[in-house]
Amino acid sequence: MYILHIDCNSFYASCEVSLRPELKGKPVVVANYNEAGGGIILALSKEAKALGLKRGNPVFQVKDVLTKNNVAVFPANLHKYVDMSKRIMQVVRELDIVTQFHQYSVDEFFASLPYTDKAKLQEQVAIVKESIEHGTGIPVSCGIAPTYTLAKVATWYAKRYNGYHGICVLEEKNIEKALRGLPVADVWGVGWRSAPKMKQLGIETAWDYTQKSKAFIQNRFRITGVRTWLELRGTRAIDITLPPKQQTIMYSRTFTYMTQDRERLATYTANYAVGAARKLRDQHTVCKSVTVFANTNRHREDLAQYSNSFTLRLPSSTADTTTIVKAAHQAFDAIFEPYYQYKRAGVILGDISSDGAVEQNLFQQPVASPQKSKRLMAATDSINTRYGMNKIRLASQDIEKEEHERQTDGILFQPMRNQTTNLDDVIEVG
């Protein structure tokens with residue numbers, strides 16, 4: 001059985017393009033832009049990369065390039081990107097092609113494929129890839145290999161060489177060739193601290209890493225290094241089927257523009273509470289406390305400064321959105337002070353535990369039974385995943401207003417078309 005790795009290409013930028021088809025084929029950048037002109041680039045389309053722009057570029061340093069080339073620049077919207085990630089998961093699950101499908105991060109997924117024939121693997125993965133791209137507008141690259149780490153290696157090739165058409169099957173007979181061409185710093189599991197150390201030890205490529213003895217690796221890179229070593233040698237040593245559950249969940253945003261509007265901040269708080277509750281349910285947990293925080297811009301020394309938070313304990317653990325939003329509003333009312341220019345706010349859910357057995361408060365009647373609440377939340381989550389972000393929402397959420405503000409935040413240039421680029425040479429490893 002092979003492992004499939006699905007990686008969304010330039011995910012944040014691709015999300016913005018998918019919602020604005022007129023930007024397809026044009027340079028697009030996502031940045032944590034702010035009203036002072038600061039911030040850095042977080043994601044770029046391939047057309048933006050062709051202009052020499054890179055992730056991590058300070059916006060003010062490359063503003064001339066952005067303006068000259070009519071680059072569309074959008075502020076980061078994590079809520080939107082998480083929702084798109086869930087839509088991708090829905091598309092894949094409805095195909096019923098892969099098994100043991102798991103989300104690894106907001107833009108990466110792993111699954112198992114019950115096939116061994118290369119042609120069959122490519123055929124089935126091509127269906128998955130086309131369905132994702134047609135159903136969501138997000139381009140993806142796919143790697144297929146015997147282990148999780150080798151699947152990531154295959155995706156590395158699929159993303160960089162157009163001849164693979166986004167799908168690279170890494171068979172056992174081609175592993176050595178693939179690893180010889182992969183810098184060890186690009187291996188999944190090799191951290192930025194380990195890479196220089198490996199170079200000093202003469203380990204330049206992934207293949208060099210596999211040629212060291214197990215004892216050599218264990219003495220220098222501990223158990224995580226051994227797992228990577230085993231995976232690169234074709235032995236599965238990583239299990240992502242049961243990812244660790246978060247002990248606290250935070251949903252927050254640094255605003256592009258400061259605000260002192262109480263109604264707007266209350267709307268943001270409700271939206272963040274809804275997002276946090278959804279993350280809580282995604283990992284099958286409940287929370288017992290809700291914290292709301294807000295603060296001004298500490299870099300604006302010319303303005304009055306204020307920062308505060310308030311934690312509200314719930315009568316019983318829950319993942320019910322209405323209960324969590326109500327608690328968040330109460331906490332927000334406890335900390336809001338007028339006349340301050342707020343720059344950031346957020347919601348933190350704490351005292352998290354499994355939703356398998358929820359302890360109830362003997363002295364307080366719950367508003368709704370836990371079973372009824374769980375069914376209602378499951379239904380709303382399913383509809384929102386299938387049909388789009390916040391199709392079903394609370395009255396306290398003013399999504400249209402917030403989305404309009406986010407879409408008009410920062411600098412937004414009208415982009416122009418780039419010239420067609422030639423195909424890269426292909427390194428055949430499979």
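The values are calculated or read from the model by the stated rules, or taken from the named source; none is laboratory data. Everything numeric here is computed off the predicted structure, so don't read it as measured data. Using ideal geometry, Cβ is built from the backbone for each residue, glycine included, and neighbour counts are taken over all protein chains shown. Surface areas here come from the heavy atoms of the whole protein model, side chains and all, with no ligands, DNA or RNA. Shrake-Rupley method; radii C 1.70, N 1.55, O 1.52, S 1.80 Å.
Some observations on this one:
- Exposure rank, largest accessible area first [333, 64; 1.4 Å]: 64, 333
- Rg to Rh quotient for region 131-210, alpha carbon positions, Kirkwood Rh: 1.05
- Straight-distance crosslink candidates among lysines, where the alpha carbon sits under 24 Å from residue 212 and sequence neighbours closer than 8 are dropped: 152, 173, 177, 197, 199
- Amide proton proximity set for residue 40, modelled H, under 5 Å, gap of 5+: 32, 59
- Packing here is the average count of other Cβ atoms within 10 Å per residue, and on that basis the peptides 47-53, 235-241, highest first, run 47-53, 235-241.
- Solvent-accessible area assigned to carbon and sulfur over region 1-123 amounts to 50 percent, based on a 1.4 Å probe.
- Using the 1.4 Å probe convention, the accessible area of region 16-103 works out to 47 Å² per residue with neighbouring protein chains retained.
- Three principal axis extents of region 197-326 based on alpha-carbon atoms, in descending order, are 61, 43, 20 Å.
- R0 of 45 Å, Cβ-Cβ distance residue 354-residue 177: FRET efficiency to nearest 0.05: 0.50
- Accessible area per residue, Å², region 241-324 with all protein chains present, probe 1.4 Å: 49
- With a 1.4 Å probe rolled over the protein heavy atoms of all chains, the accessible area of 85, 252 falls in the order 252, 85, largest first.
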